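What follows draws every value from the coordinates through simple rules; no lab data is involved. Note that the coordinates shown come from a computational prediction; the quantities given were computed from them, not determined experimentally. Reconstructed Cβ throughout: ideal geometry from the backbone, glycine too, with neighbour counts over all protein chains shown.
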């Protein structure tokens, strides 16, 4: 999942749900039913690669990957007048068939999390209650192909190309100047969630062979490229997309010892990243953008 989707809808009260420009819950035309939202805090199903033991009970544990998350919200449409169909019209408009994923935003007990979803089902009973009073209980089902939920805030950190300190200036004069601190090229990023998250990494020239390494695991993404001062290389590790100046595909330029883009993740907790091009000069930099992730 790309962290670069459009901004999620703003919510202002606990229990509210936002999707595609509509807000459901307190202070809106859509009253959330007693069943609320289901599938939001549940663990999704798993695909597992466990292998049966040939000479013992049980299996050898293998990788486990979560399946898509299914989320259902039930809301009441209760217009002031039976003939007022504005809320229904807006709901229809926001929940049509769409190829693009959009943020589903949920605020509960002061915590706001988002999930990239597509509408999977919309059920609006047109029963006797609806015919006589215009009141009906609609059920909306969403599918999150990426089952993780993310923090609302997109965090960013940047570091310049590594530079040594300038040192003391000779001849000595008072007051003494101890020089200016150089750039270490390191970043300390924190994923406060409980699931690994994919960052978007942006390299800016001038530099040669831009690389970003996870100091803790040894994973590295790097490209056999020369970036001019006006060049920007954007690596979306969620989608695996590598674009030069927003248009030209450069995934093929990955270094032989580089980690596959989709495998370069920020695990829960703190991670040290190091920007280490083979050559570079200011203002060359690396920026990391990420959202903390929860399962």
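Shape of the range 99-147 from its Cα gyration tensor (a ≥ b ≥ c, root eigenvalues): rounded if a/c is under 1.5, otherwise prolate when a/b > b/c, or oblate?
Values: a/c = 4.21, a/b = 1.81, b/c = 2.32.
It comes out oblate by the Cα gyration axes.
Restricting to DSSP H runs of at least four residues, report the calculated mean residue ellipticity at 222 nm for the chain, -39500 (n - 2.57) per run over all residues, nearest 500 deg cm²/dmol.
Details: 2 runs with 15 residues, N = 295.
Calculated at 222 nm, the ellipticity per residue is -1500 deg cm²/dmol.
Arrange the following residues from fewest to most other Cβ atoms within 10 Å of their Cβ: 56, 84, 236.
Values: 56 8, 84 13, 236 21.
Result, fewest neighbours first: 56, 84, 236.
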Where the centre of each part is set by its Cα atoms, how far does the range 40-90 sit from the range 226-295, in angstrom?
31 Å
Let me have the relative contact order for the chain, percent, based on Cα pairs under 8 Å that are six or more residues apart.
19 percent
Test of understanding: in a Gaussian network model of the chain with alpha carbons linked when under 10 Å, which of 155, 141, 129 would top the mean-square fluctuation ranking?
129
Name the most mobile residue of 71, 124, 221, meaning the one with the largest mean-square fluctuation, in a Gaussian network model of the chain with Cα contacts below 10 Å.
124
Prolate/oblate/rounded call for the range 155-294, Cα gyration tensor, a/c under 1.5 rounded
oblate
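In whole percent, what relative contact order does the range 155-294 give with Cα contacts below 8 Å and a gap of six or more residues?
Working: 358 pairs, mean separation 53.9, N = 140.
Relative contact order for the range 155-294 comes out at 39 percent.
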In a Gaussian network model of the chain with springs linking alpha carbons closer than 10 Å, the residue among 39, 185, 58 that fluctuates most is 58
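Using Cα pairs closer than 8 Å and at least 6 residues apart in sequence, work out the relative contact order for the range 1-145, in percent.
Over the range 1-145, the number comes to 28 percent.
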For log10 I(q)/I(0) by the Debye sum over Cα atoms at q = 0.09, 0.10, 0.15 Å⁻¹, the listed values are [x] -0.45, -0.56, -1.23; [y] -0.60, -0.70, -1.12; [z] -0.65, -0.76, -1.21; which was obtained by calculation from the structure presented?
[y]
1/(1 + (r/R0)^6) with r = Cβ-Cβ of residue 54 and residue 123, R0 = 51 Å, i.e. FRET efficiency to nearest 0.05, evaluates to 0.60
